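The values are calculated or read from the model by the stated rules, or taken from the named source; none is laboratory data. Every value quoted in this text rests on a predicted model; they were computed, and no experiment measured them. Every residue, glycine as well, gets a Cβ built from its backbone with ideal geometry; the counts of neighbours run over all protein chains shown. Only protein heavy atoms, including side chains, enter the accessible area calculation; ligands, DNA and RNA are left aside. Shrake-Rupley method; radii C 1.70, N 1.55, O 1.52, S 1.80 Å.
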Amino acid sequence: MVILGFDGMDPTLTERWMRAGRLPNLARLAEQGGLHRLQTTPAPESASAWASFATGTNAGAHNVYDSLVRDPATYAPGLAMVTGAPARFWFDYVPVSSASVASTRGGTSFWVTAGAAGVRSSILTVPVTFPPEPVPNGELLSGMPLPDIRGRSGTFYYFASDLAEHDEGPTEFGGILHRLVFEQRVARSEFVGPPDPIARQQAAALRARDTLTDEEQTRLADLESRADMRLPVTVSWNHEARRANVQIGAESVHLSERQWSRWMPLEFRVNPLVRIQGMAQVLLMKAGTELQLYVAPINWHPADPPAPISSPASFSKDLFDRLGPYRTLGWPEAAWPLHEGIIDEATFLDNLDRAFDDRAATILSRIDARQWDLLVGVVESTDRVQHMMWRLIDPTHSMYDPGLAPQFGGSIQRIYQKADELVGQVMERLSPDTALMVVSDHGFHSFRYAVNLNTWLVQQGYMTLTDEAQGERTQDQLIDGGAFWTHVDWSRTKAYAMGLGQIYVNLQGREGQGTVAPGAEYQALVDDLARDLGALRDPRTGRTIVRHAYRRADIYEGPFVSGAPDLQVGLEAGYRVSWETVLGGAPGSVIEPNLGKWSGDHGSVDYEITAGVLVSSVKPTATVMRLIDIAPTVLKYFGVTIPREIDGKPIF
């Protein structure tokens, strides 16, 4: 059996383009087993959905509700799916333990259950598989949330001669901007790399002291300035030829305008005993009157990653030896640089094609290896192109651009066609008795309007703010421990929103400053919130905004249900929770037009109208098909006993 996953492939678009003859291979597959809507998870997000795909359970049994989690004691948000601990050094020099990372996902993946029964498997870049788990009789290459070398989802870099000095530094969505000042055609800068574990260990030891001397405070400031390792950057610019030589550390590359570099290996030396290996690609965007240089996130080097990214650990290097360099980053597409205006649509799509081709090459190479009974491979580019380019197929979107639409309006369809071509390549390689399923974790909608849930909570009297101004929030603050919620008066707050549609009660005994008593008061508040959310209307049109507000007990059960939100908001199509809400903000208006290039979405939209896709060579016998049904379907197909904790049911 082979399962091809295409993140975010939408059933309405798939059916439309199949009927138009644009997806002939999917149409041919659908002739055998049909095209079906595959019900997604109550939080229709990739993290929660793919975890349910793997385990066959609801999130109460696997513990992934959103890409963010909050600490109830402090209300602070953090990244979900993994926890970690830094490396430790003896005498601040000799490593005594490596950095560790552990998954917070519960449940058992169906490939682990199948492998224990003797089924050989190859699991390739399925989301929520980092860190890699041991797979009996199998191999696994991790997908999301495998980070970049800085431990982020994708730190991009931009070096430019026309960048204003006050614009230097970190961006809202995880980039780092550097201004280049040329003297005699040469500019020097620096490249921010991974955290320096020794400097951070020393700084943590100083912070743990009750008081610091002036000398120790100076020492702490110095250590904090060296918290991240750096490499020198030198750019030599030939204006007339529109070329530049770029040197990062010991690596150098000569580029023409609009040219991507080869993969450049980058080594960061902690000390003579410890080195961290990464690799990156550079794009010389402009080299005429101004010079602009984009550097993609530093991927972990697959031949020598800082921590295992595959199971067995040698598998990632084996692939590197066979295929050459390939993207290891869990989110390899350049969505954030486009959203922030650093790169243009053509560059984004070029990068997207390369990311798609990387994933496809890995999948096809393992199919050809014939060392499996079950192969599961996921490509995410179908999701990313819809996030960024939906505005160009929706003339009602605030960011629709009639000038760009003729050139880039077909981008989503083109990536669906690339997915169809991959399906055809896989079908050519399979014997007639090998089952093939094409699945997606959720569908898609236009993201026309942003909904500020915390603003609504304030207006309805469920949340109270202080007079303190809200500070700006960035993705990096999630990792670096930035201050959040400083504007909230918790003593007078009953509920708060965070993440994509999650609302939490400020519960006594659970939250650090809880105000709502468990039991009857809690239930009454949840009922009031659900009722009032249902009455929320768009002031421009009078249209209902919240399609459904799901109570925790109605959608989740299992050993991890204590971490679930008290309400999961399901919005109508066209709306999505705002970026400010995701990070706990409460701006002025409840409803705002989406003025960003990130213009299509699925998160916080009601899951009942956000189904994914199932196209199968085997005709289902079930009438209703859900993402959680894939796991038991696979186990039944191979004659493996389905564990009792699985919520799904076989579809054939």
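Considering only Gly542, His602, Gly33, the residue lying farthest towards the positive end of the dipole of the chain is Gly33, judged by Cα position with unit charges set on Cβ. Per residue, the accessible area of the chain comes to 39 Å² when a 1.4 Å probe rolls over the protein heavy atoms.
With unit charges on the beta carbon (Lys/Arg positive, Asp/Glu negative), name the residue among Val270, Thr218, Gln281 whose Cα is farthest towards the positive pole of the charge dipole of the chain. Toward the positive end, the furthest listed residue is Gln281.
Of the peptides 115-128, 278-291, how do they stack up when ordered by the mean number of other Cβ atoms within 10 Å, highest first? Intermediate values should be presented prior to the final figure.
Numbers: 115-128: 22.4, 278-291: 19.8.
Descending packing order for the listed peptides: 115-128, 278-291.
Starting from the alpha-carbon convex hull of region 324-416, give the projected area averaged over all orientations, in nm². Show your work: numbers first, answer last.
Working: hull surface 28.8 nm².
Answer in nm², one decimal: 7.2.
With all pairs of separate Cα atoms included, region 132-182 yields a Kirkwood hydrodynamic radius of 13.7 Å.
Our note on the geometry: Cα centres of region 274-328 and region 151-172, 19 Å apart. Panel note: the C-alpha atoms of region 63-137, placed on their principal axes, show extents of 46, 36, 18 Å (largest first). Taking the average, over residues, of other Cβ atoms within 10 Å as the packing measure, peptides 99-111, 384-396 rank 384-396, 99-111 from highest down. With distances taken between every two different alpha-carbon atoms, region 131-250 has a Kirkwood hydrodynamic radius of 17.8 Å. Under the criterion of Cα pairs below 8 Å and six or more residues apart, the relative contact order for region 276-416 equals 15 percent.
For Leu595 and Asp167, calculate 0.36 nm times their separation in residues minus their Cα-Cα distance, and state this gained length in nm to one decimal. Walk me through the numbers on the way to the answer.
On the way: separation 428, 0.36 × 428 = 154.08 nm, distance 2.06 nm.
Full extension of this stretch gives 152.0 nm more.
Okay, helix-only estimate at 222 nm for the chain: each DSSP H run of n ≥ 4 adds -39500 (n - 2.57), divide by all residues, round to 500 deg cm²/dmol; what do you get? Numbers along the way, then the final one.
Working: 19 runs with 178 residues, N = 652.
Roughly -8000 deg cm²/dmol at 222 nm, from the helical runs in the chain.
Applying 1/(1 + (r/R0)^6) with R0 = 56 Å to the Cβ-Cβ distance of Leu465 and Lys649, what FRET efficiency is obtained, to the nearest 0.05?
Values: r = 47 Å, r/R0 = 0.83.
The calculated FRET efficiency here is 0.75.
Cα centroid distance between region 177-250 and region 373-444, in Å? If we compute the Cα centre of each part, the gap is 39 Å. Across the alpha-carbon atoms of region 1-77, the computed radius of gyration and Dmax are 16.9, 55 angstrom.
Semi-axes, largest first, in whole Å: what does sqrt of 5 times each Cα gyration tensor eigenvalue give for region 323-480?
On the way: eigenvalues 280, 85, 57 Å².
Taking √(5λ) for each eigenvalue gives 37, 21, 17 Å, largest first.
Taking the square roots of five times each eigenvalue of the Cα gyration tensor of region 263-389, the equivalent ellipsoid has semi-axes of 27, 22, 12 Å, listed largest first. Here the spin labels are modelled as points 7 Å beyond Cα on the Cα-Cβ line, and at Asp353 and Asp71 they lie 4.6 nm apart.
Divide the volume of the convex hull around the Cα atoms of region 342-384 by the residue count and you get 61 Å³ per residue.
Radius of gyration over Kirkwood radius for region 1-142, both on Cα atoms: the Rg/Rh ratio is 1.08.
Rg/Rh for region 530-652 (Cα atoms only, Rh after Kirkwood) is 1.06. Which of the listed residues, Leu614, Phe191, Leu141, is farthest toward the dipole's positive end in the chain, when Lys, Arg count +1 and Asp, Glu count -1 at the beta-carbon? In the chain, that residue is Leu614.
Diffusion coefficient of region 285-331 by Stokes-Einstein, Kirkwood radius over Cα pairs, 10 °C, 1.306 mPa s: 127 µm²/s.
First measure r as the distance between the Cβ atoms of Ala116 and Asp304, then evaluate 1/(1 + (r/R0)^6) with R0 = 41 Å and state the FRET efficiency to the nearest 0.05. That pair, Ala116 with Asp304, gives E of 0.85.
In this simple spin-label approximation, Asp433 and Asp318 carry label points 7 Å from Cα along the Cα→Cβ vector, and these lie 2.6 nm apart.
Looking at this model, which pairs from Lys418/Lys597; Lys418/Lys619; Lys494/Lys597 are more than 30 angstrom apart at the alpha-carbon?
Exceeds cut-off: Lys494/Lys597.
Show me the ranking of peptides 12-24, 592-604 by mean Cβ neighbours inside 10 Å, starting with the highest. Walk me through the numbers on the way to the answer.
Values: 12-24: 16.7, 592-604: 21.7.
So the order, starting with the most tightly packed, is 592-604, 12-24.
Spatial offset of region 570-623 relative to region 513-554 amounts to 18 Å, using the alpha carbon center of each.
When only alpha carbons of region 70-192 are considered, Rg and Dmax amount to 20.8, 67 Å. Of the Cα atoms belonging to the chain, the radius of gyration and Dmax stand at 24.8, 76 Å.
Can you tell me which aspartates and glutamates have their Cα less than 12 Å from the Cα of Lys649? Leave out same-chain residues fewer than eight positions away. Those aspartates and glutamates meeting the cut-off are Asp629. The tail of the calculated P(r) for region 532-597 beyond 20 Å holds 40 percent of all Cα-Cα pairs.
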